[in-house]
Amino acid sequence: MEDVDDVRDAEDADDVVVGPVDLAARVDAALAVQAVAFGLSEDEIGVRRHIVLRHLLCPGATSYGATTPGGRLVGFVYGMPNDRAHWWSTVVQPYLVREGNESWLDDSFVITELHVHPAYQGRGLGRQLITTITDAAAQPRSILSAIDVESPARMLYRSLGYRDLARRVHFPSAARPYAVMGAPLPLRRRGDDPQGN
């Protein structure tokens with residue numbers, strides 16, 4: 001159930017600032033956003049807490065947050081240069097091989113998580129978070145995985161230039177299949193010609 005602060009803060013969404021965030025220090029606030037945005041149980045939050053903290057120790061890991069004037073974290077993104085030895089890469093690799101897209105695992109920046117509190121969605125914060133983090137990446141392209149259904153998230157990714165690299169990807173313990181998507185960097189901005197003209 002959404003509390004009154006969520007609604008009151010959402011009215012000030014125009015004042016939300018996107019910038020670097022110490023996600024390790026704010027992991028509980030980030031997971032609270034993810035729990036509401038993605039529908040996580042308490043047990044899932046506990047597991048993900050350890051995963052996020054482990055990811056943040058990887059070379060090149062970086063994170064950005066969307067913060068209200070009062071300091072409340074209402075969205076976040078984090079990612080890192082892809083490493084073929086990481087669990088995610090080992091799961092998606094055979095699917096990418098099958099589609100002829102295995103090379104995307106090299107020299108790519110992975111968007112590991114991107115979530116915006118539902119009260120703040122539809123205001124461009126997700127777009128701002130993902131473009132900000134990828135603009136800082138040294139790699140020439142970005143990859144990510146998203147639940148393989150038509151959704152606002154998939155529409156956002158497509159509008160930024162991401163395309164499907166593999167679909168019906170099954171992660172252990174995930175109930176639904178995922179799609180792996182990739183885009184050249186920098187990501188497409190609003191008004192860019194999608195045909196590249």
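Computed over neighbours whose Cβ is under 10 Å from that of Arg141, the net charge equals -2, Lys and Arg +1, Asp and Glu -1. Computed with a 1.4 Å probe on the full set of protein chains, the accessible area for Tyr162 sits at about 10 Å².
May I ask for the net charge around Tyr78, where only other residues with Cβ less than 14 Å from the Cβ of Tyr78 are counted and Lys, Arg are +1 while Asp, Glu are -1? Could you put the intermediate results ahead of the total?
Numbers: positive: Arg26, Arg48, Arg49, Arg54; negative: Asp22, Glu113.
Summing Lys and Arg as +1 and Asp and Glu as -1 gives +2.
According to a simple spin-label model (label point 7 Å from Cα along Cα-to-Cβ), what is the distance in nm between Arg163 and Arg176? Here the answer is 2.5 nm between the modelled labels. Relative intensity of the stretch 137-197 on a log10 scale, I(q)/I(0) at q = 0.14, 0.20, 0.23, 0.24 Å⁻¹, equals -0.43, -0.78, -0.94, -0.99, per a Debye sum over C-alpha point scatterers of equal strength in the absence of solvent. The fraction of accessible area contributed by carbon and sulfur in the chain is 52 percent, rounded to a whole number (1.4 Å probe; ligands and nucleic acids excluded). The label-point distance for Arg84 and Asp22, in a model that sets each label 7 Å from Cα toward Cβ, rounds to 3.7 nm.
Near the amide H of Thr112, within less than 5 Å, lie the amide hydrogens of Tyr78, Gly79, Met80, all on another chain or at least 5 residues away, with H placed in the peptide plane.
Write down the accessible area per residue of the chain in Å², having rolled a 1.4 Å probe over the full set of protein chains.
Numbers: 10200 Å² over 197 residues.
Per-residue value: 52 Å².
Counting Lys and Arg as +1 and Asp and Glu as -1 over every other residue whose Cβ lies under 9 Å from the Cβ of Gly182, the net charge comes to +1. Applying the Kirkwood pairwise sum to the alpha-carbon positions of the stretch 34-95 produces a hydrodynamic radius of 13.6 angstrom.
How about the stretch 19-123: which trypsin sites (Lys or Arg not before Pro) there are in a DSSP loop, with at most 13 other Cβ atoms within 10 Å of their Cβ?
Values: sites: Arg26, Arg48, Arg49, Arg54, Arg72, Arg84, Arg98, Arg123; in loops: Arg26, Arg72, Arg84, Arg123.
Passing sites in the stretch 19-123 are Arg84.
For the stretch 45-146, pairs of C-alpha atoms spaced more than 23 angstrom apart make up 31 percent of the total. When the Cα centres of the stretch 28-44 and the stretch 142-197 are compared, how far apart do they sit, in Å? So the separation of the two Cα centres works out to 22 Å. Each principal axis of the Cα atoms in the chain has its own extent, and those three values, largest first, are 49, 44, 31 angstrom.
The values are calculated or read from the model by the stated rules, or taken from the named source; none is laboratory data. Model, not experiment: these values are computed from the prediction. So basically every Cβ, Gly included, is an ideal-geometry build from the backbone, and we count neighbours across all protein chains shown. These area figures cover heavy atoms from the full protein model, side chains too; ligands, DNA and RNA do not enter into them. Shrake-Rupley method; radii C 1.70, N 1.55, O 1.52, S 1.80 Å.
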